[in-house]
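Peer 1: Sending over a structure as structure tokens; questions will come in a sec.
The values are calculated or read from the model by the stated rules, or taken from the named source; none is laboratory data. The structure displayed is predicted, hence computed values, not measured ones. Here the Cβ positions follow ideal geometry from the backbone for every residue, glycine too, while neighbour counts run over all protein chains shown.
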Amino acid sequence: MRTRALVVLGLCLGLAACSGYRQPPTAFHETLTQPYRLDSSDKLRIIVFGQDDLSNTYVVDQAGYISFPLVGSVAARGKTQQGLASEISAKLRQGYIRDPDVSVEVDTYRPIFVMGEVQNAGQYNYVAGMTVQNAIATAGGFSSRALQSDVDITRQLNGEILNGRVPISDPVRPGDTIYVRERYF
């Protein structure tokens with residue numbers, strides 16, 4: 001009896017070690033309560049009040065910049081919408097517009113990626129308030145072999161790539177990569 005208990009305990013520990021479970025770092029969930037940070041592929045609606053020629057939609061390029069009339073390239077990556085508006089205002093004040101009033105809104109967030117055991121793995125548009133479960137539904141739902149309790153998410157935060165395993169009720173952020181694992185039974 002004692003030998004059987006030790007064998008079962010050993011098997012459980014072995015399976016736990018092989019599972020590769022990675023509890024998300026604390027910063028992983030802290031990003032959910034912080035202001036949104038802009039990054040590549042975000043599509044922005046920038047309005048300069050009283051200046052219809054400058055008000056338009058701009059895309060953050062792969063280097064993290066937008067090309068804005070009169071002032072040229074403006075770094076957007078890692079900035080909040082308000083921070084980018086302030087920087088554009090400051091640049092426009094340097095000989096172009098006396099007192100610019102600039103507003104920045106996210107028109108379209110950067111995409112999310114859903115991979116693994118789903119019907120249609122791929123790139124999908126992020127929708128504000130989206131959860132992992134919503135993202136999986138967008139990808140056609142789970143495959144017949146999917147582990148449906150939790151998923152692995154890769155998230156970039158301040159240039160650092162974080163990985164963690166979360167339940168399917170967790171919120172998704174723009175740019176996240178969601179990986180649905182295969183179940184063993």
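Peer 1: Just to be sure, is Arg155 in contact with a Lys or Arg (Cβ under 8 Å, 6 or more places away or on another chain), outside the structural domain of Leu54 (by TED's automatic domain parsing) and exposed (fewer than 15 other Cβ atoms within 10 Å of the Cβ)?
Peer 2: no
Peer 1: Going by what's in this entry, would Asp52 be described as loosely packed, with under 14 Cβ neighbours inside 10 Å and either more than 27 Å from Asp170 (Cβ to Cβ) or at pLDDT below 95 (or both)?
Peer 2: The answer is yes for Asp52.
Yes/no per residue for (1) at pLDDT below 90; (2) surrounded by fewer than 16 Cβ atoms within 10 Å (Cβ to Cβ); (3) out of contact with any Gly (no Cβ under 8 Å at 6 or more places or on another chain); (4) among the acidic types (Asp, Glu):
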site	(1), (2), (3), (4)
Thr26	yes, yes, yes, no
Thr33	yes, yes, yes, no
Asp42	no, no, yes, yes
Val48	no, no, yes, no
Asp61	no, yes, yes, yes
Gly64	no, no, no, no
Gly72	no, yes, yes, no
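Peer 1: Next up: Every residue in the stretch 164-185 that is over 14 Å from the mean Cα position of the chain (by Cα), closer than 27 Å to Val106 by Cα and either part of a strand (DSSP E or B) or among the small types (Gly, Ala, Ser) (or both), please.
Peer 2: Val166, Ser169
Peer 1: Check Glu105 against each of (1) closer than 17 Å to Arg173 by Cβ; (2) loosely packed, with under 14 Cβ neighbours inside 10 Å; (3) of a type outside the set (S, T, N, Q) and name the one condition it does not meet.
Peer 2: (1)
Peer 1: Report every pair of residues separated by at least 6 positions or lying on different chains whose Cβ atoms are under 8 Å apart, first residue within the stretch 69-88 and free of Cβ contacts under 8 Å to residues at least 12 places away in the same chain, second assigned to a strand (DSSP E or B) and exposed (fewer than 14 other Cβ atoms within 10 Å of the Cβ).
Peer 2: Within 8 Å, the pairs are Ser73/Ser67.
Peer 1: What's the number of the only condition in (1) surrounded by fewer than 18 Cβ atoms within 10 Å (Cβ to Cβ); (2) in contact with a strand residue (DSSP E or B) (Cβ under 7 Å, 6 or more places away or on another chain) that Gly116 fails to meet?
Peer 2: Only one criterion in (1) surrounded by fewer than 18 Cβ atoms within 10 Å (Cβ to Cβ); (2) in contact with a strand residue (DSSP E or B) (Cβ under 7 Å, 6 or more places away or on another chain) is unmet by Gly116, namely (1).
Peer 1: Report those strands (runs of 3 or more DSSP E) wholly inside the stretch 45-109 carrying at least 3 residues which are out of contact with any Cys (no Cβ under 8 Å at 6 or more places or on another chain) and of a type in the set (A, V, I, L, M).
Peer 2: 102-108
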